[in-house]
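Structure first, commentary second.
Values quoted throughout were computed directly from the atomic coordinates according to the rules given, and no laboratory measurement underlies them. A quick note: this is a predicted structure, and the numbers were derived from the prediction, not measured. Cβ: placed from backbone, ideal geometry, glycine included. Neighbour counts: every protein chain shown.
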C-alpha cells in the first residue's frame, strides 16, 4: 500500500508540472504547493507516519478549496492531483486517521467526464451508447443494504461487542479483537464464518443464501469500495455514489475533526474518572450504547464526542460558556439535555463539565477511540485495591452466569487463594478445578515474577474461573457475555479488560485431572501476563502462555512437527510486523506468530530482557514504552528484525 501511495504521489507531481496555459502565476504557485503537500504525504506514509501524512493531505485539500471552481482550465489541470488525494484519503482512513470529507470542485468531475467522452469519440465513430449494467456485487448498492438490514440494529445503530459498521472504514477496522474481513479470502473472513455458523445475526434475524453469496463474492473480489468517502455513514453511501459533490463549508465545525489534546497533569478535573462517568450515567440510551443515536451525536468514545452531531461541535476547548454541550445541559439552546424525562444535572455537575472544558477539554484516558465505559472503569481500577477488584469481579460473575445458566441449574462457587471458581458444573468439579488451578501458580511463576503481597494481589484481585459442564454452555457463554463466537476446537480461553480478569473453560466429572490441567496452563499464564501492565497486547500474553503450556506438556514428535508446520505457514503469510500488530492476520496464524516470538523472548539470550520488561510493566509503564526501553527498539522494529531472522 505504501508503494502504491508513493507512486500515486510521484505521478501526480509529473502531471501537475505540465504546461499551465492561461493560468495565473499565483495559481501556478498554489498548484505547486498542492503538489508539495501531496508529495510530503507520500513520504510520511512510506515511513509509517500516518498522522503526519494526514496533516499533509488536509493541507492539500484546503489549498484545492482555495483554487475554487470558476475556471475549467484551472480545475482541469488539478484533476490528476484530486484523484490522488481521493485515493490517499481512503488509504489513510483505513489506517485509522480521522480526516474531514474531501469534496473536490464540481468542475473537476465534469471536466473528467468530458475528457473521457472526447477520448472515446476520437478513437471511433459514435455508436449507440451501451449503458453499463450495475455491479451486482457493488459495496454501495448491494453489500451496504444487506449490512444495514441484517446487522444495523446492533452494529450501525449501536456498537455491540465493540464492533461498529457505521461506515466502510469502521467495518474494515473491525472490533477490538481484530479485522473480520480479509479482502480476497471469504473463507478466512470472520464476518462470513459467523453468518455461516448461525452465530450472527442475533435476535432471530437471518441472512438469506442469496445475500450471503453476495457478501462472499464481494470479499472474494477484493472487498472493494465504490463510494466517494469511506467515512460516509453506510446508510448514506448510496447517495454518495455518482452524486454531484458539494463544496465543504470550512466554517462548519462538523467538517473539521477536533484533535484530542492529552492532559498535562495540572488539570483539576479528570475526563476519564469524572466527566466520562457523568456522561455514562446521564446519556446512556440516547448517545452512549444507543440503538439509534439521537441528533447524530455519538458519545461512545472521546473521539466521537469531539466530532459532534448534526448541530456541529459540542465542545469549544477553553470556553465552556460558548460550548453547545454546556448550553444543552443548562437548557439555554434548544432542548435541554438529558432528555426523555430524565432529571437535569445539578449545577455542581454542570460546573464540573464546564471546568473540564475551560481547562482545555483534555484527555487523560489511554486512547480517544477507547469506549467511555471502559475508560471510566479503568480510571476507577487504577486506584482500586485488590479486594475492591475482587468484589467487583464477583458481582460481574453473578451477572454473567445469569445469562448462560441452564434452567433449574443454580450456579455454585468455590473460593481459593487466587481464584473465584464458579459456574454450573458440579461442586466436586469446581473444587477439583480450584485445586488444580492453585497448583499451576508455580508453573505461571516460572515466567511471571512472584508477588510480594498476598495471593489476592497476583491477578490484581481474585481471577474468576468460569467452569461450564458442556461445550454448548461454553459456547453460549462467549455468545452472551463476550458477544462473539469461538472456534469449535477451543476448550478454554482467557480475557482481561483492565478490570475483569477471567478464564472460561469446559470441565466435567468425566474429565481427569490431566485433561483439566492442560486447559488451565495457557489461560492462567496469559492472564497473569496481561494483568502486569497497561494494555499488554494479546499476542504477547497469549504467546507466553502457549509456550509455557507447551514446555510443561512435553509434546511428542508428531505434535511438535504439526506446530512447526503451522508456524512456518504463518510466518510465510506474514507480510511484516505492521500487518501482525494491526490484527490483519487470521487469529490462528496470529497466535502461532505470537508463540514463536514469545519463544525467542524466553530463550536464554533474551530471558534477561524479558524479565526486565515485566519489571518495567510492574512499575506502571505502558507496554510500548517499557518494551522500547528494555529492547531499545519498538515492538514493530523488533518483530521486523525477528521476521528477517526466522525467514
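Numbers at a glance
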{"read-out": "Prolate/oblate/rounded call for segment 267-379, Cα gyration tensor, a/c under 1.5 rounded", "value": "rounded"}
{"read-out": "Kirkwood Rh in Å, taken over segment 139-238 so that all alpha-carbon pairs contribute", "value": "13.4 Å"}
{"read-out": "Sorted by Cβ density within 10 Å, fewest first, the residues 307, 510, 369", "value": "510, 369, 307"}
{"read-out": "Ratio Rg/Rh [Cα only; Rh per Kirkwood] for segment 385-531", "value": "0.93"}
{"read-out": "For 578, 29, order by how many other beta-carbon atoms lie within 10 Å, fewest first", "value": "29, 578"}
{"read-out": "Distribution of pairwise C-alpha distances over segment 333-458, 10 Å bins, in %", "value": "10, 23, 28, 19, 14, 6, 0"}
{"read-out": "Alpha carbon convex hull of segment 483-615, volume per residue in cubic angstrom", "value": "144 Å³"}
{"read-out": "For segment 501-558, diffusion coefficient by Stokes-Einstein and Kirkwood Rh (Cα), 4 °C, 1.567 mPa s, µm²/s", "value": "104 µm²/s"}
{"read-out": "Of every Cα-Cα pair in segment 560-618, the percent that sits beyond 14 Å", "value": "61 percent"}
{"read-out": "Ranking of 304, 217, 197 by count of other Cβ atoms within 10 Å, fewest first", "value": "197, 217, 304"}
{"read-out": "Segment 139-238 - percent relative contact order, Cα under 8 Å, separation 6 or more", "value": "38 percent"}
